[in-house]
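Reviewing the structure listed below.
The values are calculated or read from the model by the stated rules, or taken from the named source; none is laboratory data. As the structure is a prediction and not an experimental result, all values here were calculated from the model. For neighbour counting, all protein chains shown are included, and Cβ atoms are generated from backbone atoms with ideal geometry for every residue, glycine included.
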Amino acid sequence: MKVIELFIDEEALMSGIDAISIVEQPAIEENFVALKDEIKVELADVDKEKRILMGAALIPNKKIYRRDREDEYYIYFSEDTVRKASELFLMKGNQNKSTLEHQAELSGLSVVESWIVEDETHDKSRKYGLKMPIGTWMVSMKVNNDEVWNDYVKTGKVKGFSIEGYFTDKVAMSMIEKEIDAAEVLLEIVDSIEAGKLNLKTYGDYGSGVRNNAKRGIELNKKVNNRCATSVGKIRAQQLSRGEKLSVSTIKRMYSYLSRAAEYYDPSDTKACGTISYLLWGGKAGLAWSRGKLKELGELKD
């Protein structure tokens with residue numbers, strides 16, 4: 001039976017986790033625990049429930065069985081994808097989005113804690129008997145919905161979390177990248193032809209910061225066997241590292257890419273493709289220059 005890795009397409013608008021569902025049979029096969037707290041109130045002893053559910057939302061490298069009509073297979077998520085999914089979930093403000101069995105939308109449920117297990121011994125989840133592997137995305141969910149708590153949690157009708165979101169696999173992503181890359185290469189050819197025939201104005205006053213970033217990106221990409229960036233990204237780096245002049249349409253694409261990809265740039269992670277690709281296009285210096293140049297030319301408004 002084939003095994004497919006799912007991952008996040010960082011440039012896709014819908015990519016990531018949209019909601020967390022409470023279900024009877026979680027696909028990751030890990031149940032949550034319901035946390036309670038005894039609080040003494042004046043003149044009486046009262047059991048007041050915290051109404052918090054703690055459990056795993058995603059476990060890295062765990063094979064999950066799937067069946068699509070007659071096709072049976074397993075899917076899994078890498079540690080890197082699990083972490084990105086947890087980050088995007090919060091970045092998109094989806095903490096209050098939840099469903100019941102992936103169908104009915106629920107109100108009154110909120111994710112109040114989200115973390116990645118990084119220590120096998122001292123992680124908070126260990127206190128409650130949840131022994132998840134390193135890299136697991138854990139969440140705690142507050143249930144301020146009487147019906148859900150009394151009719152589903154207390155009765156054991158729901159036992160764990162299940163994610164709802166959009167991912168892609170490496171085969172599909174490879175096809176998409178090839179299509180985008182081909183289109184970008186054609187645009188590069190058209191730019192070059194038009195610049196030559198029409199004597200279009202080109203600009204190369206981007207300074208050493210942009211050139212050095214491109215050179216750094218090229219060096220880092222070599223260390224990971226040039227696996228990062230499309231052909232156009234690699235071409236752009238060569239142009240910038242040599243100080244070549246760029247047409248206005250190329251500067252527009254440069255600004256567009258660097259604006260969108262800024263969130264994936266992490267200078268502390270020099271092996272990440274998000275970091276390497278960003279440097280290949282000129283990095284932060286390239287973003288500042290392309291933005292300033294387009295404003296200077298009246299191609300970009302404040």
In the range 97-127, anything loosely packed, with under 15 Cβ neighbours inside 10 Å, out of contact with any Gly (no Cβ under 9 Å at 6 or more places or on another chain) and part of a loop (DSSP other than H, G, I, E, B) is listed as Glu101, His102, Gln103, Ser107, Asp119, Glu120, Thr121, His122
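Yes or no, residue by residue, for (1) of a type in the set (S, T, N, Q); (2) buried (at least 21 other Cβ atoms within 10 Å of the Cβ); (3) touching a strand residue (DSSP E or B) at 6+ places or on another chain (Cβ under 8 Å):
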{"position": "Arg216", "(1), (2), (3)": "no, no, no"}
{"position": "Ile251", "(1), (2), (3)": "no, yes, yes"}
{"position": "Tyr255", "(1), (2), (3)": "no, yes, no"}
{"position": "Ser277", "(1), (2), (3)": "yes, yes, no"}
Condition set in contact (Cβ under 8 Å) with a residue 12 or more places away in the chain and not in a helix (DSSP H, G or I), scope the range 245-266, selection nearest to the chain's Cα centre (by Cα): answer is Tyr265
Over the range 129-149, the set of residues part of a strand (DSSP E or B) and farther than 16 Å from Ile59 by Cβ is Ser140, Met141, Lys142, Val143
Please verify whether Ala285 is small (Gly, Ala, Ser), free of Cβ contacts under 8 Å to residues at least 60 places away in the same chain and crowded, with 17+ Cβ neighbours inside 10 Å, treating the condition exactly as stated. no
In the range 190-240, anything within 13 Å of Cys273 (Cβ to Cβ) and either outside the structural domain of Arg291 (by TED's automatic domain parsing) or modelled with pLDDT of 90 or more (or both) is listed as Gly217, Leu220, Asn221, Lys223
